[in-house]
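Working notes, beginning with the structure itself.
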Amino acid sequence: MDKLAILGGRAAVPRDRRAVTWPIVTEEDRKAVLAVLDSGELVSNSDTPTAVDDLESRFAERVGVDRCVGVSNGTVALQIALAALEIGPGDEVIVPALSFIASGLAPLHQMAVPVFADIDPVTFTLDPADVERKITSRTVALIPVHLHGMPAEMGPLRELADRHGLAVIEDAAQAHGAHYEGRQVGSLGDAAAFSLQVTKNLPTCGEGGLLTTADARLADKARMIRQFGEVIEAGKSRDYLSYRLGWNAKMNPVQAAFATSQLSRFDAYERARQANVTAFLERLRPLPGIQVPAERPGSTHAWHILRFRFDAEALGVPGVSPTALRGALRRVLRAEGVPMSQYQLRTLPQQKVFVERTGFGAGYPWAAAATPRAPDGSHPVSEAVIADSLTLQRRHLNPGSGELLQRYADAFEKVWAHRDTLATIARADA
Ligand SMILES: *Cc1c(COP(=O)(O)O)cnc(C)c1O
């Protein structure tokens, strides 16, 4: 077998095969965008239906809920869900310790305190047992994140929420199309937030977000909140009366039309991704010392991000620390042409905004409580996952990535065949 590329050997992934794009922009997408420009309907607060209404009704139907509200991005969809549920100062919201920063920032914008619970070491989603330990008399909601495309354990979480009278807001930004026990994510909580940011599984040409809910009153509130607290009704001209606190958080019709065009190809892309990713993971599973992402029985995975955990002992490089092994694997695999990356360098509670409690002025909203909650303790599973894992992002979303993923598998097999060299590199790094 060839020498490792990091030592001057030939890379397992040929250079001319590496550039795989996401999102894919077709002639249909271009036509959809131009049609909006030509229509003159360039904002969504219109008294006639726009491309935003069209996307909303198609997405609601897909998810299997009555209502969908288009907003400016996924973070805002989370904020508006919390606002529409009347979550505010003094409230606590439980969020997983491993997620994108937006999951933790959203409660802050409502002057609520995010409380971080640990995750499951295999699915990387909220651990219901740790959630239960974090519930206090001030807890009002849970934000389960379907991280990397894997649905959170919604059954046990819903049961906990019902027992304690809590709202459930799904963060589905990474999981369009994933199922939990036969139901689509986005239909499993009181409300859900999706992102249409360009890197997500359903992309728009920039930024966008969708809030889904089965609750018509909640959806009406969300519509008011995205539009300065006003009520915009079809067939009636705008009266500029504001009934509650709102933002200007609308989605742009150009972006809605682009996303609708992408949505029409979503199922075909999703089928290709399932086949490509499954075949890739099948080849990695027999390698010792690598934990390959898997579906939980009863759930389907949207494979937004592929996260691999590594175990030095099982890999046959004992005595190498998780971070040294991770660093060596990152360099060695990248040299072979596999763009391994770290997704999240620290847990959410380790981010400065939460460590230093810099919100609204010094200490707020934490200081608003009569007895401010003590800083979060450690989240050992989330911390271990960050220390011993690497991810693949974005390229595998392209439906034509099957061949590339097979070359990635060649690279993993090659590196695993050179484990003695890997160990030397990892020990030199340590
Ligand atoms: C991307 C993302 C968001 C935020 O979406 P934006 O559209 O980028 O604001 C929220 N949560 C998670 C888990 C995400 O991955």
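The values are calculated or read from the model by the stated rules, or taken from the named source; none is laboratory data. Model, not experiment: these values are computed from the prediction. Note that each Cβ is placed from the backbone with ideal geometry, even for glycine, and that neighbours are counted across all protein chains shown. These accessible areas exclude ligands, DNA and RNA; they are computed on the full protein's heavy atoms, side chains included. Shrake-Rupley method; radii C 1.70, N 1.55, O 1.52, S 1.80 Å.
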What number, in nm² with one decimal, is the all-direction average of the projected area of the convex hull of the alpha-carbon atoms of region 134-173? 2.8 nm²
Need the full-extension length gain, Ala275 to Ala428, defined as separation in residues times 0.36 nm minus the C-alpha distance. One decimal, nm. 51.2 nm
Kindly sort Thr300, Thr347 by accessible area of their heavy atoms, largest first, with the probe set to 1.4 Å. Thr300, Thr347
Between region 293-359 and region 1-66, the alpha-carbon center distance in angstrom: 26 Å
Please sort by residue number the trypsin sites (Lys or Arg not before Pro) in region 130-204 whose DSSP state is loop and whose Cβ has at most 16 other Cβ atoms within 10 Å. Arg138
Using only the Cα atoms of region 241-375, build the gyration tensor, take square roots of its eigenvalues as a ≥ b ≥ c, and label the shape rounded, prolate or oblate: rounded if a/c is under 1.5, else prolate if a/b is larger than b/c, else oblate. oblate
At q = 0.07, 0.08, 0.10, 0.14 Å⁻¹, what is the log10 ratio I(q)/I(0) for region 27-265, with the Debye formula run over Cα points and no solvent? -0.22, -0.28, -0.44, -0.84
Pairwise FRET efficiency - Thr199 versus Ala362, Cβ, R0 = 51 Å, nearest 0.05: 0.90
Show which lysines lie in cross-link reach of Lys352 when reach means a straight Cα distance below 24 angstrom and same-chain residues fewer than eight apart are skipped. Lys134
Calculated from DSSP H runs of 4 or more alone, at -39500 (n - 2.57) each and per residue, what is the 222 nm mean residue ellipticity of the chain, nearest 500? -12000 deg cm²/dmol
Whole-Hz ³J(HN,Hα) for each residue in region 36-52, computed from phi via Karplus 6.51 cos²θ - 1.76 cosθ + 1.60 with θ = phi - 60°, x for glycine and proline: what do you get? 5, 4, 6, 6, x, 7, 9, 10, 8, 8, 10, 8, 10, x, 10, 4, 5
With every protein chain left in place, what is the accessible area of His164 in Å² (1.4 Å probe, nearest 10)? 80 Å²
Roughly speaking, what is the stretch gain from Asp162 to Tyr243, that is 0.36 nm per residue apart minus the C-alpha to C-alpha distance, in nm to one decimal? 26.1 nm
Return the long-range amide H neighbours of Val145 (sequence gap of 5 or more, or a different chain), with a cut-off of under 5 Å between placed amide H atoms. Leu126, Asp171
With all protein chains present and a 1.4 Å probe, the order of Leu7, Leu85 from largest accessible area down is Leu7, Leu85
Under 5 Å between amide hydrogens, which residues at least 5 positions from Ala191 or on another chain qualify, with H placed 1.01 Å from N in the peptide plane? Val168, Glu170
Residue span Glu403 to Ser137: 0.36 nm per residue of separation minus Cα-Cα distance leaves a gain in nm of 90.5 nm
Using the Karplus equation 6.51 cos²θ - 1.76 cosθ + 1.60 (θ = phi - 60°), what ³J(HN,Hα) coupling, rounded to whole Hz, does each residue of region 168-182 give in order, writing x for Gly and Pro? 10, 10, 6, 9, 9, 4, 10, 10, 3, x, 6, 10, 10, 6, x
Shape of the chain from its Cα gyration tensor (a ≥ b ≥ c, root eigenvalues): rounded if a/c is under 1.5, otherwise prolate when a/b > b/c, or oblate? oblate
Kindly write out, for region 61-74 in residue order, the coupling ³J(HN,Hα) from the Karplus curve 6.51 cos²θ - 1.76 cosθ + 1.60 (θ = phi - 60°), rounded to whole Hz, with x marking Gly and Pro. 4, 4, 6, x, 10, 6, 10, 9, 10, x, 9, 6, 6, x
Neighbour cut-off at most 16 other Cβ (10 Å), DSSP loop, GluC sites (Glu not before Pro), region 297-393: Glu356
Quote the FRET efficiency, to the nearest 0.05, computed for Ser321 versus Ala374 with a Förster distance R0 of 35 Å and r equal to the Cβ-Cβ distance. 0.70
Assign one of three labels to region 1-110, namely rounded, prolate or oblate, based on the Cα gyration tensor with a ≥ b ≥ c the square roots of its eigenvalues; rounded applies when a/c is under 1.5, prolate when it is not and a/b is larger than b/c, and oblate otherwise. oblate
With label points set 7 Å from each Cα along the Cα-to-Cβ direction at Val355 and Leu34, the distance between them in nm comes to 5.2 nm
Would you tell me the accessible area of Val254, worked out with a 1.4 angstrom probe on the heavy atoms of the protein chains, in Å² to the nearest 10? 30 Å²
Taking placed amide H atoms and a strict 5 Å upper bound, the residues 5 or more places from Thr139 or on another chain that come that close are Glu92
Determine the order of Asp38, Asp376 by accessible area, beginning with the largest, at a probe radius of 1.4 Å. Asp38, Asp376
